[in-house]
1. At a Förster radius of 25 Å, what calculated FRET efficiency corresponds to the Cβ-Cβ distance of R50 and H141, to the nearest 0.05?
2. Whenever you get a sec, line up L9, L175 from highest to lowest accessible area (probe 1.4 Å, protein heavy atoms).
3. So how strong a dipole does the stretch 13-107 carry about its Cα centre when Lys and Arg Cβ are +1 and Asp and Glu Cβ are -1, to the nearest 20 debye?
4. Let me confirm the definition first: pairs of Lys residues in the chain, 8 or more apart or on different chains, C-alpha distance under 25 Å. How many are there?
5. Can you tell me how the stretch 1-112 classifies by the Cα gyration tensor, rounded, prolate or oblate, using a/c under 1.5 as the rounded cut?
6. Give the accessible area for E47 in Å² (nearest 10); use a 1.4 Å probe, count only protein heavy atoms, and leave out ligands, DNA and RNA.
7. For the full complex of protein chains and a 1.4 angstrom probe, list R176, R205 by accessible area with the highest value first.
8. Picking from A58, A16, A135, which is most flexible by a Gaussian network model of the chain using Cα springs under 10 Å?
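The values are calculated or read from the model by the stated rules, or taken from the named source; none is laboratory data. Remember, it's a predicted structure, so these values are computed and weren't measured experimentally. Neighbour counts are summed over all protein chains in view; Cβ atoms, including those assigned to glycine, are modelled from backbone coordinates with ideal geometry. Accessible surface areas use protein heavy atoms only, side chains included; no ligands, DNA or RNA. Shrake-Rupley method; radii C 1.70, N 1.55, O 1.52, S 1.80 Å.
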Amino acid sequence: ITSGADTLLARAAEKASKDPTPWAWRLQAAKTLGEDLRSRSRELFAEAVRRAPHHRLAHTIMLDLQQGRWGGSDKACLSFANERAAAAGAGSPLGVLVCQSHIEIARTKAQEARREAAFDEYFRDPGVARELRAAHDRSFHAGPFKPGMDTPYVRSHFAFTLWRAGLNDAAAEHLRKMSRESSTPWFWPHLWLISTRRTVERARRECGVIEGE
C-alpha cells in the first residue's frame, strides 16, 4: 500500500512541480518502504525544502526521522530542531520544532522509566524551559510572526510545552488565541496527549487566562 501511495505521490509531484507537499508526504511514506532510509530521507527532504525552505510539514516529518526508533537519537532530534528553527529566523513558525522535539524526548523518557510522571519531570528541567522560551521569543517577539494555515497547530504545541515547563505567561499568549471548545489533537500522533476541553480549561486556569479572553 505504501509503495502504491509513493507512486501516486511521485505523479502528483511531477504534475505540480513547484509544490513541496507531495515531497513531504513521500518522506513520510519512505519510513516503511525498506529502502536506505537515511539517504532517501535526505533526498526527499531536500526536494521539499528546495521548493519551500520553511515547509513545516516536511520539517516535522524529518524531525521524526531523527528519533531513536528511526536510527537517530534524542541529541540528533534536538539539534535538528534548534538548527532549523534558528536558521528560519525571527517570526518563523518553525520554532514549533523545538516544542515537538522536547515532547518526543519526554515521551521516550516516560516510556523508558515506565512512569507517566517522568514526562512532566522532564519539562521541569530549567534547561528545557530556557530552550522553549528562546524558541517562543524568536518566533513571536523577535520580529513579526508570519501566520499561516499551520498557526493553530504551532500555537497549540507552544501552549502545551510552555505550560508544562512552568512558563505560564508565555503559554497564556497562545491560550488566549486558541478555541476553548477545541477537541483537536494538540500533540498528534501521541493519542495519550490528546487535548480535550477539560485539558484546555485547566491550562487556561493555571496560566491565569480569565473568562472572555
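1. Computed FRET efficiency for R50 and H141: 0.25.
2. These residues rank, largest area first, as L9, L175.
3. 100 debye
4. Pairs that pass both the separation and distance tests number 7.
5. oblate
6. 50 Å²
7. R205, R176
8. Residue with maximal mean-square fluctuation among A58, A16, A135: A16.
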